[in-house]
1. Among the candidates Arg17, Arg23, single out the residue that is at pLDDT 95 or above and assigned to a loop (DSSP other than H, G, I, E, B).
2. Could you grab me the full set of residues in region 14-60 that are under 13 Å from the mean Cα position of the chain (by Cα) and polar (S, T, N, Q)?
3. Met1 fails exactly one of the following numbered conditions: (1) modelled with pLDDT of 95 or more; (2) under 20 Å from Ala100 (Cα atoms). What is the number of that condition?
4. Please go through region 63-114 and give me each residue that is closer than 23 Å to His29 by Cβ and of a type in the set (Val, Ile, Thr), ordered by number.
5. On the basis of being over 13 Å from the mean Cα position of the chain (by Cα) and outside any helix (DSSP H, G or I), does Pro112 make the cut?
6. Looking at (1) part of a helix (DSSP H, G or I); (2) assigned by TED's automatic domain parsing to the domain that holds His29; (3) exposed (fewer than 11 other Cβ atoms within 10 Å of the Cβ), which one does Glu64 not meet, given that it meets all the others?
7. Tell me, which residue of region 100-109 that is more than 10 Å from the chain's Cα centre (by Cα) and surrounded by 15 or more Cβ atoms within 10 Å (Cβ to Cβ) is farthest from Ala59 (Cα to Cα)?
8. Among the residues of region 46-57, is there at least one that is outside the structural domain of Leu96 (by TED's automatic domain parsing), surrounded by 13 or more Cβ atoms within 10 Å (Cβ to Cβ) and under 19 Å from Lys109 (Cα atoms)?
Amino acid sequence: MTTSPTSSNAVPPMPERTPKALRAAIAQHAPQLLVDFDRHWRRDIADAYDLAPVPAFMARWWAEYALARNPELAAMVHGLEEAADKEADYARAKTLIEEAGRLRREVAKAEPGR
């Protein structure tokens, strides 16, 4: 999934699996996600007395960043989702959404440094 660092379309590696490192990576490589990341953090995590929501927060934003850091893959996934939204045939729409979901789940498996 990654390309050489000198390539103009290089996919940046995944950061350490911490909120701080993930936020820094989003700020640098996918700034379009930053407002929503920060809003979600402030709403659900920042002042929480219970840290139970942190793993779900990290899973969601890990997957969002993993996809956004690869613009070609993100465009493909969003294209599948948009095509499904416009598809009149339920079976075809379901197939498109399932493929988009499969790609999202696969990219979310990215490990730090990869």
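1. Details: Arg23 fails: assigned to a loop (DSSP other than H, G, I, E, B).
So the residue among Arg17, Arg23 that is at pLDDT 95 or above and assigned to a loop (DSSP other than H, G, I, E, B) is Arg17.
2. Of everything in region 14-60, just one residue is under 13 Å from the mean Cα position of the chain (by Cα) and polar (S, T, N, Q), namely Gln32.
3. Tallying (1) modelled with pLDDT of 95 or more; (2) under 20 Å from Ala100 (Cα atoms), Met1 fails exactly one: (1).
4. Across region 63-114, the qualifying residues are Val77, Val107.
5. On the way: over 13 Å from the mean Cα position of the chain (by Cα): yes; outside any helix (DSSP H, G or I): yes.
For Pro112, the condition - over 13 Å from the mean Cα position of the chain (by Cα) and outside any helix (DSSP H, G or I) - is met.
6. Result: Glu64 passes all but (3).
7. Residues of region 100-109 that are more than 10 Å from the chain's Cα centre (by Cα), as a first pass: 100-103, 106, 109.
When the remaining residues are screened for being surrounded by 15 or more Cβ atoms within 10 Å (Cβ to Cβ), the result is 100, 103.
Values: Ala100: 17, Leu103: 15 Å.
Result: Ala100.
8. yes
The values are calculated or read from the model by the stated rules, or taken from the named source; none is laboratory data. Because the structure is a prediction, the values reported are computed rather than measured. Cβ atoms come from the backbone with ideal geometry, glycine included; neighbour counts cover every protein chain shown.
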